[in-house]
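The numbers here are math on the coordinates, done by the rules we state, and not lab data. Bear in mind the structure is a predicted one, so any value in this text is a computation, not a measurement. With ideal geometry, Cβ positions are generated from the backbone for all residues, glycine too; neighbour counts draw on all protein chains shown.
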Amino acid sequence: MQQLHHLLEVDNLSTSFFTYAGEVRAVSGVSFYIDEGEALGIVGESGCGKSVTVQSVMRLIPSPPGKIVSGQIRFLGQDLVKLPEKQMTTIRGKSMGMIFQDPMTSLNPVLTIGRQMTEVLQRHEGLGKQEAMDRAEKYLEMVGIPNCKRRLKQYPHEFSGGMRQRVMIAMALLCNPKLLIADEPTTALDVTIQAQILELMKDLKQKINTSIILITHDLGVVAGLCSRIIVMYGGKIVESGTVQDIYKSPQHPYTWGLLKSVPRLDALSRTKLVPIHGTPPDLLKPPVGCGFTARCAHAMKICAEQPPGITEINPGHQVACWLLHPDAPKSTFDEKGRVG
Amino acid sequence: MARYLFGRIVSALLVVWLVVTLTFFLMHAIPGGPFSSEKILPPAIMENINQRYHLNDPLANQYLDYLKNIAHFNFGPTFRYEGRTVNDLFREGLPKTIALGLVATVLALVGGTMMGIIAALKQNKAPDYIATFLATIGVSVPSFVLATFLQYFVGFKTHWFPPIGWGEAKNLVLPALALSAYPIAQITRLTRSSMLDVLNQDYIRTAKSKGLPGYIIVLRHALRNALIPVVTFMGPFFAYILTGNFVVEYVFNIPGIGQFFVTSIGNRDYPVIMGTTILFATLLVTFNLLVDIAYTVVDPRIKLTGRKGA
Ligand SMILES: Nc1ncnc2c1ncn2[C@@H]1O[C@H](COP(=O)(O)OP(=O)(O)O)[C@@H](O)[C@H]1O
Ligand code: SF4
Ligand SMILES: [Mg+2]
């Protein structure tokens, strides 16, 4: 159910990188929202603009060369795009926290875990050293790190990858942010550790009322945690809907491709992975029509000529594809992964 | 840690002993002696002098005597400074040399890191170009040229600072500048490039995502990491300060150890040459040990076992 005011509402966001080669349109015209207590998944191949989208929300785009070219990012009644950097620093870490893909490099190697955690609390909540340490300890415990007191005095290199990602999660949650953004939090980890971290995030979602944006390039990862999914391709949203929409009645050929490349969890029906062949569009010279044309088995003449409009299949399930035009031939996707 | 330190101190003593031995025999292998440059002395007097300073004893005996003396921190008499011992010269010169070295070191460390940080933060803008330009000059102009230049233009011509001598704080300005120009330049370059590298690291993005203000990100998160490569330069840096000091003291006529050393070589004043060499070798070895300890302070991943932590 849509609420009157979403926690975060991104409207027509475009972010580009102005390089020597020209303007790289990393994100163009992306709109989505997330409500309080909700978890939203963003999926898509690597390079499709997932990180740039959420880094725009956090205003962490390296500038130069990056710049938010247009759009609005409404969060807690403010447009973050227009917010001065100084005010932005009072939102980051406090109202929204972020965890990153590589836990091995995301923590400062020369500062203790305790220092890196308490500085957040000292900055945003003005806590004294001891209070901050106590809170940090409590949060480390919450994310399942044993011996927290001793661990606080240790340096990142004394932690394993999975443990570091737990530290990152605890650190991002310290000020009880309204929104937690997790940018591929499990991609760099072993499969077993991945499962543990996802389990932890599910668990935390029950306990604390934080909204979560989970980014992944693996559709299999989102299902357990998120209620809605956004599929991105070539810097645009190609399909969005509830988990049911996306898994049971996907409409976009790119989503079909993604679903076919997901390993089935039940080992019996383990079918061969089918990676989507071809390469994503060059964002320096984005194609005029649909960005998927060159790789799409269903491409029509119009696909290369005009960008597809957005069709709403049912409330909340939106697709940008010419196949949904009333005049287009019928193509569907069945559950066994065949395209008919 | 204690074991490591013990090992390092033993090897440091070994190095100093090697330096003593090498200098001793090399010096005696060169033809001529401390008193051979003067107008010819009557053989009887010459004999007397040699007798007095044991210059006729077998070399091995002289060497052993010398080792025994320096073990008791007695560096022997000087040949050229009437009635004074090498220890006297040390007592007189060392404070000046240390003062100059210290000021130059602070200037190099503070000035170099600050210029490096500013250059990195203002990459490809005016401050960066200025810092890079100054650093290029500092690296390429030899210290004796710079010393003479400063002495002439800033000393004699403008009278801003005394061009020569010792005694007041302002006497230190030009020599310290001349001595620190090269290390300032090197440290600026090192800090700039490692700072640029560090600012692109993931953990800096994490620090930003925590809403920390810019100065904390730079000072707490970036600088300490950026200084790790700078610490690598500290060994050569101290060696440079020690040797550069010879030239600078000489040019600015500062009666420090460096000047004694330079004069003593011309004079063949064996005990002074030996004494200063040992002093410098000891200082250098000590500094290198301190640098290794400094590593563990800036980088917790390094443990003093000589191995890098996982
Ligand atoms: N600093 C940058 N300079 C130029 N292009 C960039 C930069 N960062 C990202 N991009 C471009 O933006 C696009 C989207 O990147 P990103 O959001 O990181 O993808 P992902 O979906 O894998 O997170 C990529 O195609 C990349 O080429
Ligand atoms: S618009 Fe055309 S090319 Fe693009 S996905 Fe749909 S059918 Fe394929
Ligand atoms: Mg990414």
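Using a cut-off of 28 Å between Cα atoms, the listed pairs A:K138/B:K303; A:K285/B:K122; A:K82/B:K210; A:K67/A:K285 include A:K138/B:K303; A:K285/B:K122 as exceeding that distance.
Residue-normalised convex hull volume from the C-alpha trace of chain A: 145 Å³ per residue.
Taking other Cβ atoms within 10 Å as a rough exposure proxy, A:C290, A:C148 sort from fewest to most as A:C148, A:C290. The residues A:V54, B:V20, B:V10, B:V262, when put in order of fewest to most other Cβ atoms within 10 Å, stand as B:V10, B:V262, B:V20, A:V54.
Shown is the FRET efficiency for A:N314 and A:E9, computed with R0 = 25 Å from the Cβ-Cβ distance and rounded to the nearest 0.05: 0.75. Counting, for every residue in A:102-109, the Cβ atoms of other protein chains within 10 Å of its Cβ and taking the mean gives 5. Exposed loop positions in chain A were taken to be trypsin sites (Lys or Arg not before Pro) whose DSSP state is not H, G, I, E or B and which have at most 11 other beta-carbon atoms within 10 angstrom. Between these positions, the longest stretch is A:83-269. Site pair B:F161 and A:I302 shows an inter-label distance of 7.9 nm when each label is modelled 7 Å from Cα along Cα→Cβ. Report, to the nearest 10°, how far helix B:257-267 tilts away from the longest principal axis of the Cα atoms in chain B, using its own Cα long axis and a range of 0 to 90°. Helix B:257-267 and the main axis of chain B meet at about 40 degrees.
Note down the Stokes-Einstein diffusion coefficient of chain B in µm²/s, whole number, using a Kirkwood radius over alpha carbon pairs, 37 °C, and 0.692 mPa s. After rounding, the answer is 147 µm²/s. Contact order, relative form, for chain A: 19 percent (alpha carbon pairs under 8 Å, 6 or more residues apart, mean separation divided by residue count).
For A:I213, the residues 5 or more places off, or on other chains, whose built amide H falls under 5 Å of its own are A:L40, A:L180, A:I181, A:A182.
Tell me the relative contact order for region A:104-174 as a rounded percent, counting alpha carbon contacts under 8 Å between residues six or more apart. Relative CO of region A:104-174 lands at 47 percent.
Remark: relative contact order (region B:93-298) = 27 percent; criterion is Cα-Cα distance under 8 angstrom and separation of 6 or more residues. What average number of partner chain Cβ atoms lie no more than 10 Å from the Cβ of the residues making up B:211-220? Whole-number average of other-chain Cβ neighbours for B:211-220 is 4.
Any idea what angle helix A:129-142 forms with the longest principal axis of chain A, computed on alpha-carbon atoms, 0 to 90 degrees, nearest 10? That helix lies at roughly 50 degrees to the long axis. For region B:82-98, putting each phi into the Karplus relation 6.51 cos²θ - 1.76 cosθ + 1.60 with θ = phi - 60° gives couplings of 3, x, 10, 9, 4, 4, 4, 4, 4, 4, 7, x, 4, x, 5, 4, 5 Hz, in residue order, rounded to whole numbers and with x for Gly and Pro.
The Cα-based radius of gyration and maximum Cα-Cα distance (Dmax) for region A:104-174 are 10.8, 31 Å. Using just its DSSP H runs of length 4 or more, each adding -39500 (n - 2.57), chain B gives a mean residue ellipticity at 222 nm of -23000 deg cm²/dmol after division by all residues. Spin-label model, B:L290/A:E36: points 7 Å from Cα along the beta carbon direction are separated by 5.9 nm. Near A:V69, the amide H atoms lying under 5 Å from its own belong to A:S14, A:T15, A:S16; only residues 5 or more places off or on other chains count, and H is placed 1.01 Å from N.
For the protein assembly as shown, what is one quarter of the convex hull surface built on the Cα atoms, given in nm²?
Spelled out: convex hull of the Cα atoms, projected over all directions, averaged, 39.9 nm².
As a proxy for reagent exposure, B:V145, A:V57 were ordered by neighbouring Cβ count within 10 angstrom, fewest first; the result is B:V145, A:V57.
Extending 7 Å from Cα along the Cβ direction at A:V191 and again at A:Q244 yields two label points whose distance is 3.1 nm. Taking the longest Cα principal axis of chain B as reference, the axis of helix B:223-232 is set at about 30 degrees. Mark the label point 7 Å from the Cα of B:L219 along Cα→Cβ and return the residues of region A:99-134 whose backbone N is within less than 15 Å of it. Inside the label zone: A:123.
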